[in-house]
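Have a look at the structure below, then the notes.
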Amino acid sequence: MSSTAESSSPRLFYGYVIVAAAFGIQWVAFGTFNTNGIFLNPILAEFGWTRAAISVAYTIGFLMMGIMSVVAGNLNDRFGPRKVMGIAGLLLALGPLLLSRIDTSWQMYLCYVLYGTGLGAVDATLLSTIARWFVKRRGVIMAFTKVAAGIGIFSIPLLTSWLIGVQGWRITYVAIGALLGLVVVPASFFLYRDPSEKGLTAYGASLDFAGKPGGPDGLSFSEAIRTRQFWTVCAIYFADSLCMQTASTHITPHAISLGIGSTSAASLISVIGIASIIGRLTIGFSSDKIGPRRAMVIVLVVLLVGFAWLQVADVLWMLYLFVILDGLNHGGIVTVITPVVAELFGTRALGTILGVVLFSGIALGGLGAWLAGYIYDLTGSYSIAFGGLLVIAVTGLLLGLSLKPITKGGKK
């Protein structure tokens, strides 16, 4: 029983259908959520709220994303992705639709509870599902799936900026909600938890993997959390996500505060999207060639270099270089984190384990968006916030270098 998925089916391996559905969901889900910074100034202009008050909404969104990552990962292990993503798709659409009607800050916060809850199911559900369908070429397949998010981050903010200028931010939120509902909900019907539901075996699966970390079995959740590696991976993803999410939320307002035009400032988010596509593909292939843990160290080096450069970047071309580095890191970390988790802990409880790792980055890392806004309101500058992110990037790299495989018994 060492057959690959190709020998299990003479036609197109259904795992590629799973990837196609996930591609569409990733494109609209992450592309739309990364428009937060573009909406900040129009909402400021209409309501006169502080940056910190608006950034609280984004932090709430990140917090709910993190909580839902844990919940969705566990639900996917138990009930499969179709039900989880179907419900998540409805919540994703409802969030922006209701945002178009807000008049008070608490309404905005409630909308981001819905928006973040829906988005939190996306990676935990889709990436743990794809990891079960592919053992061989897992890194490349994961990279291709996450490229969709990069395309979304490139294309949707540009369209959003244009539409806000033409129709205003309220109509733009309606368009975003409609797009999410029309793509995510239908795509969810094509998802299956694992190949056995279609009478298949995973691509590249064999008995050689049975019972080993990285294969179809591995550690239970209770076993995984007793390892140093589990908490190290959580800390690494937290450090990287804190830097990444803070930058994606505040880089556009930061550029405007430096005197850069709003259109050029908004284009910085799109550059992150373009660079993240390159990061996803490069790290995906590297993960299969040199191993996920080594590939992750490369990503963390890029993170450190980028935030070191941000400390002196004060004109447009320098900010473009920063967002290129940030995008490479962005694409790399979201691509490599699932292969790292699967390699260390296996796929037995992958949804739950991955969900907790994602929570550590998305929910806890989302605090940076609020904190940076708060610091700006106090000081009139992002200098202190960005300096703190550099320290966190150094810490992330040191943790990445310390990460070792799990040996028999679940220890270093």
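The values are calculated or read from the model by the stated rules, or taken from the named source; none is laboratory data. Note that this is a predicted model, so its numbers are computed, not measured. Please note: Cβ atoms are built from the backbone with ideal geometry, for glycine as well, and neighbour counts cover all protein chains shown.
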Checked the range 230-264 for anything surrounded by fewer than 24 Cβ atoms within 10 Å (Cβ to Cβ), polar (S, T, N, Q) and either more than 23 Å from Gly306 (Cα to Cα) or at pLDDT 90 or above (or both); matches are Thr232
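Yes/no matrix, rows are residues, columns are (1) crowded, with 24+ Cβ neighbours inside 10 Å; (2) in contact with a Ser or Thr (Cβ under 6 Å, 6 or more places away or on another chain):
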| position | (1), (2) |
| --- | --- |
| Gly351 | yes, yes |
| Gly355 | yes, yes |
| Ala363 | yes, no |
| Tyr374 | no, no |
| Leu378 | no, no |
| Ser381 | no, no |
| Gly388 | no, no |
Which residues, counting only those in the range 136-153, are surrounded by fewer than 23 Cβ atoms within 10 Å (Cβ to Cβ) and either within 17 Å of the chain's Cα centre (by Cα) or β-branched (Val, Ile, Thr) (or both)?
-> Val140, Phe144, Val147, Ile151
Filter result for Ala178 (within 30 Å of Glu46 (Cα to Cα) and either of a type outside the set (Ser, Thr, Tyr) or in contact with a helix residue (DSSP H, G or I) (Cβ under 6 Å, 6 or more places away or on another chain) (or both)) | yes
Would you say Ala57 is closer than 30 Å to Gly199 by Cα and surrounded by 17 or more Cβ atoms within 10 Å (Cβ to Cβ)?
-> no
Checklist (1) surrounded by fewer than 22 Cβ atoms within 10 Å (Cβ to Cβ); (2) at pLDDT 90 or above; (3) among the small types (Gly, Ala, Ser) applied to Ala52, failing item | (2)
Scanning the range 243-274 for residues that are free of Cβ contacts under 8 Å to residues at least 60 places away in the same chain and among the small types (Gly, Ala, Ser), the one farthest from Ser161 (Cα to Cα) turns out to be Gly259
Quick one: Lys83 ticks every box in (1) basic (Lys, Arg); (2) modelled with pLDDT under 90; (3) surrounded by fewer than 20 Cβ atoms within 10 Å (Cβ to Cβ); (4) assigned to a helix (DSSP H, G or I) bar one, so which box is it?
-> (2)
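Condition first: assigned to a helix (DSSP H, G or I) and among the basic types (Lys, Arg). Can you find one or more residues in the range 115-137 that meet it?
Taking every residue of the range 115-137 in turn, at least one turns out to be assigned to a helix (DSSP H, G or I) and among the basic types (Lys, Arg).
Any residue that is among the small types (Gly, Ala, Ser) and surrounded by fewer than 20 Cβ atoms within 10 Å (Cβ to Cβ) - is there at least one of those in the range 272-291?
Within the range 272-291, one or more residues are among the small types (Gly, Ala, Ser) and surrounded by fewer than 20 Cβ atoms within 10 Å (Cβ to Cβ).
Find the residue count for the range 92-107, including only residues that are surrounded by 22 or more Cβ atoms within 10 Å (Cβ to Cβ) and either in a loop (DSSP other than H, G, I, E, B) or hydrophobic (A, V, I, L, M, F, W, C) (or both).
3
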From the list Gly331, Gly327, Gly284, Gly306, which one is in a helix (DSSP H, G or I), small (Gly, Ala, Ser) and at pLDDT 95 or above?
-> Gly306
Please specify each residue of the range 383-412 satisfying the condition of being part of a loop (DSSP other than H, G, I, E, B) and at pLDDT 90 or above.
-> Leu403, Lys404
Kindly indicate whether any position in the range 353-368 is closer than 21 Å to Ile269 by Cβ and among the hydrophobic types (A, V, I, L, M, F, W, C).
-> yes
Within the range 321-332, is there a residue that is under 30 Å from Thr201 (Cα atoms) and not hydroxyl-bearing (Ser, Thr, Tyr)?
-> yes
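Residues checked against (1) within 20 Å of the chain's Cα centre (by Cα); (2) over 15 Å from Ile225 (Cα atoms):
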site	(1), (2)
Gly355	yes, no
Ile362	yes, yes
Gly365	yes, yes
Tyr382	no, yes
